[in-house]
Each structure stands twice: as C-alpha cells, then as structure tokens.
1. Do we have I100 as touching a residue at least 60 places away in the same chain (Cβ under 8 Å) and closer than 24 Å to L266 by Cβ here?
2. Before we move on, is G176 of a type outside the set (S, T, Y) and at positive phi?
3. How do the helices (runs of 4 or more DSSP H) wholly within region 239-313 filter down when requiring 2 or more residues that are more than 30 Å from F361 (Cβ to Cβ) and out of contact with any helix residue (DSSP H, G or I) (no Cβ under 7 Å at 6 or more places or on another chain): which remain?
4. Whether any residue in region 210-227 is assigned by TED's automatic domain parsing to the domain that holds V53, in contact (Cβ under 8 Å) with a residue 12 or more places away in the chain, surrounded by fewer than 18 Cβ atoms within 10 Å (Cβ to Cβ) and of a type in the set (D, E) is what I want to check.
5. Please find, within region 197-209, the residue that is surrounded by the fewest Cβ atoms within 10 Å (Cβ to Cβ) out of those that are touching a Gly at 6+ places or on another chain (Cβ under 8 Å) and in a helix (DSSP H, G or I).
6. Kindly indicate whether any position in region 335-353 is touching a residue at least 40 places away in the same chain (Cβ under 8 Å), surrounded by fewer than 17 Cβ atoms within 10 Å (Cβ to Cβ) and within 22 Å of the chain's Cα centre (by Cα).
7. Filter region 200-232 for residues that are more than 20 Å from V119 (Cα to Cα) and under 18 Å from the mean Cα position of the chain (by Cα); which is farthest from the ligand (Cβ to nearest atom)?
8. What do you reckon, is L189 modelled with pLDDT under 95, in a helix (DSSP H, G or I), surrounded by 15 or more Cβ atoms within 10 Å (Cβ to Cβ) and within 16 Å of the ligand (Cβ to nearest atom)?
Amino acid sequence: MLQAGIVGLPNVGKSTLFNALVANAKAEAANFPFCTIEPNVGVVAVPDERLEVLAKLSHSEKIVPTRMEFVDIAGLVKGASQGEGLGNQFLANIREVDAIVHVVRCFDDDDIIHVSGSVDPARDIEVINLELALADLSQAEKRLERARKQVKGKKEGQEEIPALEAIVAALNEGIGARHVELTEEQEELIKSLGLLTRKPIIYAANVSEDDLAKGNEWVEEVKKIAAKDNAKVVIVSAQVESELVEIPEEEKTDYLEALGVKEGGLKSLIKATYELLGLRTYLTTGPQETRAWTIQAGMKAPQAAGVIHTDFERGFIRAETVSYDDLVTYKTMNAAKEKGLVRSEGKEYVVQEGDVLLFRFNV
Ligand code: GDP
C-alpha cells in the first residue's frame, strides 16, 4: 500500500492530526517536542460519498471504503540532516514514504511551546525544506561520485551522471529535486535514492477552530510558498478533529455548524493526499456490498481486476463498464444499458476514476 508521511517541526500538531486520522492510533500527543519517536503507521479509510449513493441504489448490505496509509514521522528539527535530534533516522523514514504531508503551525497558543519561539510558517517551512534538501544533497553527491567510478568506459548507466549533476546543481541553489526534468530512464536510475525533495508534497495548514472557516494570514503565507512548488494547501484543525473523535455522532453537525464549516479538514486532507499519490478509485456494487477499489492512474482493466483477486486478472475476459454519474442518473444497470451507457471493455481499456465495473472472467 502506498504511504504518505506526516512531517513538520515538533509541536505543530502532527500527532494530534495522526491520532484523529486513526482514532485508535497509539501515538500520544503531548505538549512536548519528541513525544513521538517511533514512526507510527495508520490505516485510514478514504472518504467517498459515492459509496452511500450506490449502496442505496443496489440495496447493498454493506459498504467497504478503500484505504490508504499515513505514517507519523515525528522529530524533524533544525540540523536533522547533520544527525541532530535523531535526525538521520527520521530522514530515513521519510525516504520510504511515497508522498509528504507537511504540517505547518498556523495557530497561536501561548501554552504550546513553539520550538523556535514564535509562529512563523515561512521560517518553519524553510527549516524543514532545508533539512530535506541537505539530506538529498549529501545522498546525491555520494551517488554521483560512485556512479562516475562505476560507469567509466561503459555504455550502460551513463545517463545517471547528468541526472545527478543536474540534481546536485539544483539543490546547491536551494531548488528542490522535483524541479529537475529527467527522462524516464534517468528517473528509473535514481529512483532508489528516494530523494525527499522529489516526492510529491502537500501542505496541511493547522489552524485554531476559529480560523477553520476562513483561514488566516499564516495560511496565506503557506499558500504563497506552496504555489512555488505547485503544491496544494489544505486547511485543517487538528484540535477540532481530535475533539470530533470524542463527541457523540449527533452533536458533531452542530459543533461544526457553529464553526461555520462542514468538516474539520481531515476528509479533505485524506482525499487530497490520495490524489497526490496518483491514486484513482473504481467502484463495484451489488446486493452484498458496494465497495471502492484503489488503482494507480492509467491502470488497464485486467490489472484493475487483479486488485480484487489475482484470478480476476489471470482469467480476465471483459469489464462491463458504466460511469458513476450515468448509473446514478438511470438508477439501474439495465436502465443505463438501454440508454447505451454500459460499455463492454476489453484488455486495453484504461480504467477511469469513478467507473463502476463488473468483471467477466474465466476461472
Ligand atoms: P507534534 O509534535 O507536531 O506531533 O505536535 P502534537 O500533535 O503533539 O501537538 C503539540 C501540542 O499542540 C498538543 O498539546 C496539542 O494538543 C496542541 N495542538 C495541536 N493542534 C492544535 C491546534 O490546532 N490548536 C491548538 N491550540 N493546539 C493544538
């Protein structure tokens, strides 16, 4: 399963957010830097309103959402790339994730110690991004040196050198590796480096409950910085989300309404992270269950079938396909079929977001 790693300075609300993400996760939030040292992995259901709608149409007994994983990576501090505060260990943990959720403190609270003494998103982001860049620089330089020795006089692998040179040059100028254009071959050659500044990133601006509806100046600062990386910003309130976990279901709507919002930001964050990972959802529906399945963007029908069961992939014949919108408009598969909206797709069909599929296969 693809994983998103939650990073940020200490005391910005990472653990609070993570605990809310996986309500039963064990990471403890406490007003103390370094309170979470081991990386924590949580499996989270991906919210999808379409499931309820389809389940009603099919009179499904149950709904099964698809899932993704978040890892709480605590303890990134200034100097981490030099080994400060268990830095190297944290950086290694980030190297293994597929995308980064960078939590930025955009709330003021005198009771919560700020590691640098004041709330300042621009400085905080710079501290973290600099550590990530320095860690990448040292990795890339080492690899470049090795590559130069290894490929001397050989044809193969030559492409790696200009790629690494471009990356080192960019990092030296304070530009993230994600801004370096590489060929597919080069991409493949440097993949195992797990460059931190080449991973897709999203910023989670953690605000107080009063700022959830409209954001604040700090959020605007985060947006400006994120725009330079073409990265998305999601406003979230870890505090609100952690309170939502505690209060009874029937009181939740009132609580959120009083704050002028529909949710605390967590759902949006999960959805945005799912997209950031390049993931897509197709749906299956019937009397037994309505279910969401995760595929990589661009996956073809047999591989998509293989997500359900390897037999489905091996014996794949065709996929009866209708878009979610068409099915909802005409209510039943038969009615959609009469309108010519159910297609029978073969092995080369690229499954689209929101396709409702029924696989035909040989056993
Ligand atoms: P981490 O070190 O980034 O994992 O931060 P924690 O999640 O442990 O949070 C540090 C402290 O800040 C805890 O006491 C949280 O309750 C508090 N905190 C987290 N998010 C918010 C928020 O949105 N508003 C306020 N006022 N406090 C928060």
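1. On the way: touching a residue at least 60 places away in the same chain (Cβ under 8 Å): yes; closer than 24 Å to L266 by Cβ: yes.
Yes: the conditions hold for I100.
2. Details: of a type outside the set (S, T, Y): yes; at positive phi: no.
The answer is no for G176.
3. Numbers: elements: 249-259, 266-276, 301-308.
Hits in region 239-313: 249-259, 266-276.
4. Yes, the conditions are met somewhere in region 210-227.
5. Of everything passing the filter in region 197-209, R198 is surrounded by the fewest Cβ atoms within 10 Å (Cβ to Cβ).
6. yes
7. Taking the candidates together, the pick is N230.
8. Numbers: modelled with pLDDT under 95: yes; in a helix (DSSP H, G or I): yes; surrounded by 15 or more Cβ atoms within 10 Å (Cβ to Cβ): yes; within 16 Å of the ligand (Cβ to nearest atom): no.
No: the conditions fail for L189.
The values are calculated or read from the model by the stated rules, or taken from the named source; none is laboratory data. The structure displayed is predicted, hence computed values, not measured ones. Here Cβ is always computed from backbone atoms with ideal geometry, including for glycine, and neighbour counts include all displayed protein chains.
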